[in-house]
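Right, one structure below, let's go through it.
Every number in this text was worked out from the coordinates using simple rules, so none of it is lab data. All of these numbers come straight from a predicted model, not from anything done at the bench. FYI the Cβ positions are ideal-geometry reconstructions off the backbone, even for glycines, and counts take in every protein chain you see.
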Amino acid sequence: MNRIKFRKTLSLFLALSFMTAAASCGKAPVEETETSAETTETTTVGTAETEAPTEEILAPIIVETEPPFIPFTLHDRSIDEANDENFISLLTHLVTAYENPTEEDDWRIYNDLENIQAVSQEDYELANFIVDNWCEVFLYMDYNVNTYPDEVPAEIPNSSDHALVILGYELENGQMQDELVGRLNAAATLAEARPETIIVCSGGATGPNNREGNTEAGLMRDYLVDECGIDPARIFIDERALTTADNAIYTFDIFQEQGIHSMTIVTSTYHIRWGQMVYRTLAYLYSVQQDYPIEDISNYCYDTEPTVSVYRAGHRFAACQIAEILGLPQSEVNQLPSVYDY
């Protein structure tokens, strides 16, 4: 990474972020009173795995037909084992730079990058990519979040190799909550404006009292067809995902099946930065490891605040899920700042 470029980037952020360090996704978080929760995200505290509060999650419905390729799995190792601690240090310092910025942040991150490069040039290029995107997504104050019902951004293409990816949100009593309906209304506006694109709905069987095992993706498809008049032939579903990292992995499987090379993420405003980091990291690995480039084009979001307090820690979720995507062992992931302490 260019040292001068990085110092300028982070220094600009530091000058701005002391007044806005608590801001997330372009908006300051508020106390959460919402009755819903996003698709259950898991991480670890100490040595025990913990979930965002929910009474019950039924087993997800598994897609029966396997794709004609070897899909990426969550724990594929993507870096040299000797760099495990260096990547954990880097991710920790990126989280710190967002939460409590100091003048020493750029030096710590630069040293992490140097340590990674000393082990592997390929790992360094990956780490450099993560740092650049973290700066853009979490540290730049002018990161662009496109919100529904504002005009559809011109940069979103109308092409058959472009996908509109709708990220699910936890069900309540087996039914969609208002937040997921808001995401779907945003997606329907996009779909009408870009009729050549495909639509990917991602989300498994989640939430308390979901006795029938309804999936977020299945209900999303039904809503888009029955309520929004979307052609069902355009809609592809993943009914397995239970986390944002799952969303990325399983939708990328669909991308390969359908020849998709660019995408627009449709989610809530507070969730887009977290989602962008997970999707961009996986896209980098697909490009390098499988020679399958996928470009993250844009976003279009339902504008709302997080109504479950743990989702204020989207940056911490992002760091943990990036570590998991890189294949870091759970013992290393446990060292990252806990989402439940934020």
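Observations
- Fewest-first sequence of Met141, Met277 by Cβ atoms within 10 Å of each Cβ: Met141, Met277
- Footprinting exposure proxy for Glu216, Glu81, Glu125 (fewest neighbouring C-beta atoms within 10 Å first): Glu81, Glu125, Glu216
- Computed over the stretch 147-324, the P(r) tail beyond 29 angstrom holds 13 percent of alpha carbon pairs.
- When both bridge partners sit in the stretch 147-324, DSSP labels roughly 5% of those beta bridges antiparallel.
- In whole angstrom, the stretch 115-174 maps to an equivalent ellipsoid with semi-axes of 32, 18, 16, each derived as √(5λ) from the alpha carbon gyration tensor and ordered largest first.
- For the pair Ser331 and Val119, label points projected 7 Å from Cα toward Cβ lie 1.4 nm apart.
- Spin-label pair Tyr143/Ser160, simplified geometry with 7 Å Cα→Cβ offset, distance in nm: 3.5
- Distance (nanometres) between label positions extended 7 Å along Cα→Cβ at Glu227 and Arg77: 4.6
- Order of Trp107, Trp274 under a 10 Å beta carbon neighbour criterion, fewest first: Trp107, Trp274
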